[in-house]
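Worksheet for the structure shown next.
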Number of protein chains: 2
Amino acid sequence: ESGATARVRYLLNGALPVQDVARLLESSPPKERKLLWELIDDKNEGEVLQYLPEEIGIQFMKTMDTERLLAASERFDNDDLADILQQLPETLVKEVLASMTAQNRARMEALLSYSDDTAGGLMNTDTITIRPNITVDIVFRFLRRHTQLPDMTDNLLVVSRSDRFLGTLPLTKLLVADPSDTVRDIMVTDCPYITANQPVSEVASLFEKMDLVSAPVIDAESKKLLGRITIDDVVDVIRDEAEHSMLSMAGLDDDEDTFAPIMQTTKRRAVWLGINLITAFIASYVIGLFQNTLDQVVALAILMPIVASMGGIAGSQVLTLVIRGIALNQIGAANTSWLLNRELVVGLLNGLLWATVIAALTAFWFDSLEIAYIIAGAIVINLIFAALTGTLLPILLKRLGIDPALAGSVILTTVTDVIGFLSFLGLATIFLL
Amino acid sequence: ESGATARVRYLLNGALPVQDVARLLESSPPKERKLLWELIDDKNEGEVLQYLPEEIGIQFMKTMDTERLLAASERFDNDDLADILQQLPETLVKEVLASMTAQNRARMEALLSYSDDTAGGLMNTDTITIRPNITVDIVFRFLRRHTQLPDMTDNLLVVSRSDRFLGTLPLTKLLVADPSDTVRDIMVTDCPYITANQPVSEVASLFEKMDLVSAPVIDAESKKLLGRITIDDVVDVIRDEAEHSMLSMAGLDDDEDTFAPIMQTTKRRAVWLGINLITAFIASYVIGLFQNTLDQVVALAILMPIVASMGGIAGSQVLTLVIRGIALNQIGAANTSWLLNRELVVGLLNGLLWATVIAALTAFWFDSLEIAYIIAGAIVINLIFAALTGTLLPILLKRLGIDPALAGSVILTTVTDVIGFLSFLGLATIFLL
């Protein structure tokens with residue numbers, strides 16, 4: 001082993017904080033990533049895996065033998081482990097489960113029954129529960145029996161004898177309470193809680209709206225306490241959600257690995273290019289309808305991309321705004337018509353403004369007032385259609401259960417290209433020939 | 001007052017949670033928003049303002065007289081109030097400051113001295129501080145003297161007699177500690193802390209990396225404790241950051257109000273359309289260079305948007321990925337060349353794949369093998385340039401201190417349009433004429 005390798009090994013195994021080791025792996029190309037991983041001692045693997053993005057962590061775990069996997073899995077929080085087990089081969093999962101204590105296995109099997117995108121899939125089981133009839137003084141004595149409390153414990157959870165959720169006792173209240181008060185006296189009963197089947201997006205809005213650090217998760221029917229969700233996991237959901245729109249609009253995956261290998265990247269990108277090729281050929285087909293017109297006035301061929309491009313830009317501004325509005329739950333039946341109206345007026349005003357500018361430049365360039373009028377008309381028409389499509393398309397896609405961020409930009413571009421070429425070349429055919 | 005109005009007034013003033021009232025205002029068009037605001041009682045205004053996005057809140061505050069503003073400002077956390085004061089007229093600010101107690105005024109003036117995008121601008125002054133030499137038992141007695149502890153208190157902050165920051169005492173440690181231990185025995189001294197001038201983006205990564213609920217803010221030189229930052233404010237930063245790239249790529253503002261009035265929207269959008277018009281005219285100019293070629297082979301005019309559009313799509317995939325990688329601090333000198341190399345190979349492979357498909361379709365459509373070869377060549381060339389530009393442009397812009405999300409997409413489209421038209425029409429001029 002060379003000195004440099006020994007030095008890297010030293011850095012990876014304790015000298016650097018484990019979060020930084022994970023960051024380093026994440027920012028490394030595939031080959032380096034694998035080399036670095038091999039330098040991490042078996043006993044530190046679990047700790048590092050915890051902080052790696054799931055997609056990358058799972059690749060490593062698939063290469064580990066069962067024994068190392070079991071050792072690593074001990075370092076995981078239950079909720080993270082459940083997420084990962086859901087993606088490992090069945091036989092491995094069975095071995096991991098078999099290695100657990102009965103209580104832990106039962107908990108894990110419960111967690112595994114929830115889908116990744118529900119509160120149940122996000123929750124952890126590390127709750128500290130108390131009964132309502134004990135006094136504050138006893139609560140303190142009970143807590144002191146622990147060697148440590150779970151991270152992000154901001155509430156004790158109050159449950160009945162049958163584990164039904166009754167309320168929370170925030171530590172900030174406990175610490176200022178009279179020692180002789182009972183939990184029932186000071187607990188908070190109108191606190192926010194989450195049911196196990198709620199989608200994670202709802203969980204994220206609840207945390208953001210109510211400024212929560214943690215929230216209890218209960219079973220919708222039995223009202224039994226199942227676990228809790230903490231803000232660190234919700235922050236990941238919020239980042240993913242906010243990134244989702246941007247990545248989808250470019251046809252990229254949410255969990256896109258920046259340093260994915262060549263073939264994987266090529267395949268994923270090829271699909272998106274193929275879809276866009278269809279829209280490009282549709283646009284070309286529309287231009288082809290006017291072959292005769294183009295043959296006679298070549299200036300039209302030179303100018304036509306301007307009409308399509310201005311429509312595309314105006315449309316994607318509206319589309320982006322509406323997609324974000326939908327993601328933030330701001331847009332509904334009550335304000336859609338106001339929004340559409342505003343966008344149409346804005347489209348008309350900007351259409352008139354830029355049509356004038358473009359017409360002036362065109363008249364000057366090609367010394368033709370006729371072409372100037374025609375391109376001005378086409379710009380106004382295309383910007384109005386762009387506003388219409390940009391506003392209504394994502395709302396419609398959402399209702400159809402199609403992701404507006406993914407499908408929206410492709411369809412929008414098709415519309416603004418087709419309307420742009422159709423109006424410009426159509427007007428030219430009518431007025432020039 | 002009609003029954004409906006009375007009903008709405010009732011809902012707005014206590015029947016609905018204040019967070020929902022804020023959400024309702026945010027999701028309302030300007031006129032309804034103003035009507036709703038007028039139905040909120042003076043005494044509830046401060047509470048609602050707290051939960052409104054800054055841009056909207058400030059519009060309302062500018063219409064309030066000083067007395068109402070003073071009353072409302074009492075409900076604000078210091079950090080939020082400081083943000084807002086920075087945007088109100090000087091005279092109002094003076095009156096608000098004059099109405100405060102001397103201690104609070106001094107704190108507020110300190111907060112006002114920090115810029116909005118630094119840790120100082122994000123911090124709050126509601127810390128609970130203790131000295132290292134007292135016992136756990138005395139800490140408990142000290143806490144019980146409070147009627148309540150600030151929200152999101154997960155740590156007590158340990159300071160010296162001269163207010164120098166020494167470490168934290170997490171409540172989770174305090175609660176399991178032996179009452180006779182001193183704070184010094186159990187406090188955490190290697191805890192993360194923030195200096196007042198750190199940019200908020202660094203604060204956000206620290207919170208995400210270390211899973212923090214709150215962190216102390218200290219003065220870089222004197223090491224004195226200035227305040228603390230809590231996760232609820234950091235979540236807003238994280239959402240803004242993640243949204244920033246998407247909104248900027250469409251030329252929209254970060255704090256874009258979905259329901260901004262017509263004129264405001266028209267003006268903001270007009271600027272972006274104007275910038276893009278320049279790139280569209282550049283593309284047209286390039287096409288114009290080949291007027292003679294287009295005049296002779298009209299098929300080229302029909303097909304040329306396909307070359308430009310495939311380049312644009314491929315380029316913006318790379319651009320989006322790299323912009324996100326930069327935002328997540330994944331991309332640096334160590335991996336740029338690997339990334340560029342991968343993107344060039346992916347561009348070449350996808351170029352070859354789709355060039356073949358497009359060539360076959362073209363040969364079939366226009367019954368010309370020559371045009372098929374020419375468009376195939378142009379597609380490969382444009383996809384390679386798209387990969388090059390998509391990878392290097394954002395890295396270069398970032399080094400120049402220009403926001404890659406804002407300027408990147410415009411410049412990229414210019415490049416892919418110009419290279420697309422130039423290579424397609426250029427090859428055609430060489431081989432067809």
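Side notes on the structure shown:
- The set of residues in segment B:13-32 being within 25 Å of B:D253 (Cβ to Cβ) and not in a loop (DSSP other than H, G, I, E, B) consists of B:Q19, B:V21, B:A22, B:R23, B:L24, B:L25, B:E26, B:P30, B:K31, B:E32.
- Out of B:V235, B:V213, sole residue that is at pLDDT 95 or above and either surrounded by 19 or more Cβ atoms within 10 Å (Cβ to Cβ) or among the β-branched types (V, I, T) (or both): B:V213
Residues checked against (1) touching a Leu at 6+ places or on another chain (Cβ under 6 Å); (2) assigned to a helix (DSSP H, G or I); (3) buried (at least 18 other Cβ atoms within 10 Å of the Cβ):
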{"position": "B:L11", "(1), (2), (3)": "no, yes, no"}
{"position": "B:K34", "(1), (2), (3)": "no, yes, no"}
{"position": "B:E38", "(1), (2), (3)": "no, yes, no"}
{"position": "B:Q50", "(1), (2), (3)": "no, yes, yes"}
{"position": "B:F60", "(1), (2), (3)": "no, yes, yes"}
{"position": "B:R75", "(1), (2), (3)": "no, no, no"}
{"position": "B:L81", "(1), (2), (3)": "no, yes, yes"}
{"position": "B:I84", "(1), (2), (3)": "no, yes, yes"}
{"position": "B:E95", "(1), (2), (3)": "no, yes, no"}
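- Some residue of segment B:280-288 being outside any helix (DSSP H, G or I) and within 7 Å of chain A (Cβ to nearest Cβ): no
- Count of segment B:182-192 residues which are in contact with a Gly (Cβ under 7 Å, 6 or more places away or on another chain) and within 13 Å of another protein chain (Cβ to nearest Cβ): 2
- Meets criteria (in a helix (DSSP H, G or I), surrounded by fewer than 21 Cβ atoms within 10 Å (Cβ to Cβ) and either at pLDDT below 95 or out of contact with any Asp or Glu (no Cβ under 8 Å at 6 or more places or on another chain) (or both)) for B:V357: yes
- Members of segment B:98-122 found to be among the β-branched types (V, I, T) and either on the phi > 0 side of the Ramachandran plot or surrounded by fewer than 16 Cβ atoms within 10 Å (Cβ to Cβ) (or both), listed by number: B:T101
- Qualifying residue in segment A:289-297 (condition: among the β-branched types (V, I, T), within 7 Å of chain B (Cβ to nearest Cβ), part of a helix (DSSP H, G or I) and out of contact with any Cys (no Cβ under 7 Å at 6 or more places or on another chain)): no
- Counting only strands (runs of 3 or more DSSP E) that sit completely within segment A:144-257, zero hold 1 or more residues that are of a type in the set (D, E, K, R), without any contact (Cβ under 8 Å) to a residue 12 or more places away in the chain and assigned by TED's automatic domain parsing to the domain that holds A:S27.
- Segment A:254-273, residues that are more than 7 Å from chain B (Cβ to nearest Cβ) and either within 23 Å of B:T413 (Cβ to Cβ) or polar (S, T, N, Q) (or both): A:Q264, A:R268, A:V271
- Residue list for segment A:293-350, filter: charged (D, E, K, R), closer than 30 Å to A:S201 by Cα and either surrounded by fewer than 24 Cβ atoms within 10 Å (Cβ to Cβ) or outside the structural domain of A:G408 (by TED's automatic domain parsing) (or both): A:R324, A:R342
- Residues in segment B:322-350 that are within 19 Å of the chain's Cα centre (by Cα), without any contact (Cβ under 8 Å) to a residue 40 or more places away in the chain and either part of a helix (DSSP H, G or I) or under 26 Å from A:T416 (Cα atoms) (or both): 1 in all.
- Scanning segment B:233-270 for residues that are out of contact with any helix residue (DSSP H, G or I) (no Cβ under 7 Å at 6 or more places or on another chain) and over 25 Å from A:L247 (Cα atoms) returns B:A260, B:M263, B:Q264, B:K267.
- Residue check for B:D154: within 15 Å of B:T129 (Cβ to Cβ) and acidic (D, E): yes
Residue by residue, here is whether (1) hydrophobic (A, V, I, L, M, F, W, C); (2) free of Cβ contacts under 8 Å to residues at least 40 places away in the same chain holds:
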| residue | (1), (2) |
| --- | --- |
| A:D79 | no, no |
| A:I84 | yes, yes |
| A:T91 | no, yes |
| A:K94 | no, yes |
| A:S99 | no, yes |
| A:R107 | no, yes |
| A:G120 | no, no |
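- The lone exception for B:L226 - which of (1) within 22 Å of the chain's Cα centre (by Cα); (2) surrounded by 22 or more Cβ atoms within 10 Å (Cβ to Cβ); (3) not hydroxyl-bearing (S, T, Y) it fails: (1)
- Members of segment A:169-181 that are surrounded by fewer than 20 Cβ atoms within 10 Å (Cβ to Cβ), within 21 Å of A:L149 (Cβ to Cβ) and more than 10 Å from every other protein chain (Cβ to nearest Cβ): A:D181
- The residue that is nearest to A:K224 (Cα to Cα), among those in segment A:122-149 that are within 14 Å of chain B (Cβ to nearest Cβ) and in contact with a Lys or Arg (Cβ under 9 Å, 6 or more places away or on another chain), is A:T127.
- Segment B:261-306, residues that are touching an Asp or Glu at 6+ places or on another chain (Cβ under 8 Å), in contact (Cβ under 8 Å) with a residue 24 or more places away in the chain and either closer than 30 Å to B:S28 by Cα or among the β-branched types (V, I, T) (or both): B:T279, B:I282, B:V286
- The one condition in (1) touching a Gly at 6+ places or on another chain (Cβ under 7 Å); (2) within 9 Å of chain A (Cβ to nearest Cβ) that B:S309 fails to fulfil: (1)
- Complete set of residues in segment B:151-168 that are of a type outside the set (D, E, K, R) and within 12 Å of another protein chain (Cβ to nearest Cβ): B:M152, B:T153, B:N155, B:L156
A quick yes/no check of all residues on (1) hydrophobic (A, V, I, L, M, F, W, C); (2) surrounded by fewer than 20 Cβ atoms within 10 Å (Cβ to Cβ); (3) not in a helix (DSSP H, G or I):
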site	(1), (2), (3)
B:I381	yes, no, no
B:L393	yes, no, no
B:I402	yes, yes, yes
B:I411	yes, yes, no
B:G420	no, no, no
B:L425	yes, no, no
B:T429	no, yes, no
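- A count restricted to segment A:225-248 and to residues that are more than 7 Å from chain B (Cβ to nearest Cβ) and not small (G, A, S) stands at 12.
- Count of residues meeting criterion [charged (D, E, K, R) and either in a helix (DSSP H, G or I) or outside the structural domain of A:V298 (by TED's automatic domain parsing) (or both)] in segment A:360-378: 1
- In the set (1) more than 9 Å from chain A (Cβ to nearest Cβ); (2) of a type outside the set (F, W, Y); (3) closer than 29 Å to B:L432 by Cα, the condition left unmet by B:I326 is number (3).
- For segment A:51-77, residues that are of a type outside the set (F, W, Y) and touching a Gly at 6+ places or on another chain (Cβ under 8 Å) total 5.
The values are calculated or read from the model by the stated rules, or taken from the named source; none is laboratory data. Since we're looking at a predicted model, the values are computed, not measured. Every residue, glycine among them, receives a Cβ derived from its backbone with ideal geometry; neighbour counts consider all protein chains shown.
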